[in-house]
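Notes follow once the structure below has been shown.
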Amino acid sequence: MNRKLVGYGILLALMLVAPAVVYPVLVMKVLCFALFACAFNLLIGYTGLLSFGHAVFLGSAGYVAGHSIKVWGFPPEIGLVFAALAAAALGWVIGSLAIRRSGIYFAMITLALAQMMYFFFLQAPFTGGEDGLQDVPRGKLLGVIDLADDFNLYYFVLAIFVFAFWLIHRTIHSPFGQVLKAIRENEARAISLGYDVAKYKLLAFVLSAGLAGLAGATKTLVFRFATLTDAHWHTSGEVVLMTLLGGMGTVFGPVVGAATIVTLQNELADKVGSLVTVIMGAIFVVCVLAFRRGIVGELGALYKRMTGTR
């Protein structure tokens, strides 16, 4: 336990000094996608539900945050909370329909509903269509701290990420999280023990959608625009890759996966152009064939073998 606390302390210290050595906007992008991947991992890694349309929550919250801040004049902190709640409400609607089925049918329903929302965003006037919602002001945090400064915004984004990560950590180690794991391992047995499985699945789906929405709203604040790309099925595929690469069902796996993918995309985009998609596909195949537990999962297994622990 103490070693875990020391590890968390070291990671937090590294993140606090990160903008001094790395471009702050890149680190903020990593944090946004890491939060998105952690929210997705809560659903697939701890509940066993594979959503192929999770990008709809990232994209919809981005539009809600951008519109509420730019047009309605919401303060940034209120805009982010409002967007996360809107994503959670959308998650309740989609989840109520999708959890009636399981396996591939659940995945296909989430994908179909997400694509319906994508075409709605494409046509809706408040989204800006293919041009996206641009020039979203960052505003001032609590009316005092100017978020136009990248360093101020970085520490605001870091605080959001730390809070959301703590919330996910607490959730998966709570009695509620233990029930989710029981549903993942053996749903029939969980039902036989008297648990309302549908209710637990829906709560996990709504929580995951809300946190994914918080990631999308924060991303809009960082880049000052919201685009259709965030709601596209391709983004849903990317978060699957981030989670599998880092380690599905591990606490830090999605963070490592998101950092790896975002950094690779940032470094390779100017060098190989559209071939970056091919490289991402190759990484996915290698991950599935060679190390199915992901980077963190494989490192954890190696550590246990070396120390003889279970």
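The values are calculated or read from the model by the stated rules, or taken from the named source; none is laboratory data. Since we're looking at a predicted model, the values are computed, not measured. Because the Cβ atoms are built from the backbone with ideal geometry, glycine has one as well, and the counts that use them run over all protein chains shown. Surface areas here come from the heavy atoms of the whole protein model, side chains and all, with no ligands, DNA or RNA. Shrake-Rupley method; radii C 1.70, N 1.55, O 1.52, S 1.80 Å.
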- When only C-alpha pairs under 8 Å and at least 6 residues apart count, what is the relative contact order of the stretch 115-216, in percent? 10
- Query: Fully extended, how many nm does the chain gain between Glu130 and Ile78 (0.36 nm per residue separation, minus their Cα-Cα distance)?
  - Reply: 16.1 nm
- Which residue, Ala148, Ala164, Ala20, tops the fluctuation ranking in a GNM of the chain built on C-alpha contacts under 10 Å? Ala20
- Message: Can you tell me the length gained on complete extension of the stretch Thr307 to Tyr105, counting 0.36 nm per residue apart and subtracting the Cα distance?
- Response: 68.5 nm
- Task: Provide the descending list of Cα extents for the stretch 208-310 along its principal axes, expressed in whole angstroms.
- Result: 50, 34, 21
- Tell me what the chain gives for mean residue ellipticity at 222 nm when only DSSP H runs of n ≥ 4 count, each as -39,500 (n - 2.57), the sum divided by the residue total, rounded to 500 deg cm²/dmol. -25000 deg cm²/dmol
- Convert each backbone phi in the stretch 207-218 into a coupling constant with the Karplus relation 6.51 cos²θ - 1.76 cosθ + 1.60 (shift: θ = phi - 60°), then list the ³J(HN,Hα) values in order as whole Hz, x for Gly and Pro. 5, 4, 5, x, 6, 4, x, 4, 5, x, 5, 5
- Query: What is the gain in length, in nm to one decimal, between Leu14 and Asn186 on full extension, counting 0.36 nm per residue of separation less the C-alpha to C-alpha distance?
  - Reply: 58.0 nm
- For Leu5, solvent-accessible area (1.4 Å; no DNA, RNA or ligand), Å²: 100
- Which parts of the stretch 107-130 would a label at Val71 reach, counting a residue when its backbone N lies under 16 Å from a point 7 Å out along Cα-to-Cβ? 120-130
- Going by average Cβ neighbours within 10 Å, how do the peptides 129-137, 223-231 rank, with the highest at the top? 223-231, 129-137
- Taking the chain as a Gaussian network, where each spring joins two C-alpha atoms under 10 Å apart, which residue of Met116, Met248, Met28 fluctuates the most? Met116
- Using the Cα atoms of the chain to build a convex hull, what is its mean projected area in square nanometres? 17.1
- Would you mind calculating the relative contact order of the chain from Cα pairs under 8 angstrom and at least 6 residues apart, reporting the percent as a whole number? 32
- Query: In nm, to one decimal, how far is the Trp233 label point from the Glu267 one, both placed 7 Å along Cα→Cβ?
  - Reply: 3.1
- Message: Spelling out what I want: for every residue of the stretch 163-180, take phi, set θ = phi - 60°, compute 6.51 cos²θ - 1.76 cosθ + 1.60 (Karplus), and round to whole Hz; glycine and proline get x.
- Response: 4, 5, 5, 4, 4, 5, 4, 5, 5, 6, 9, 8, x, 4, x, 5, 5, 4
- Note on the structure: the chain, Gaussian network, Cα under 10 Å: of Val21, Val296, Val30, the residue fluctuating most is Val21
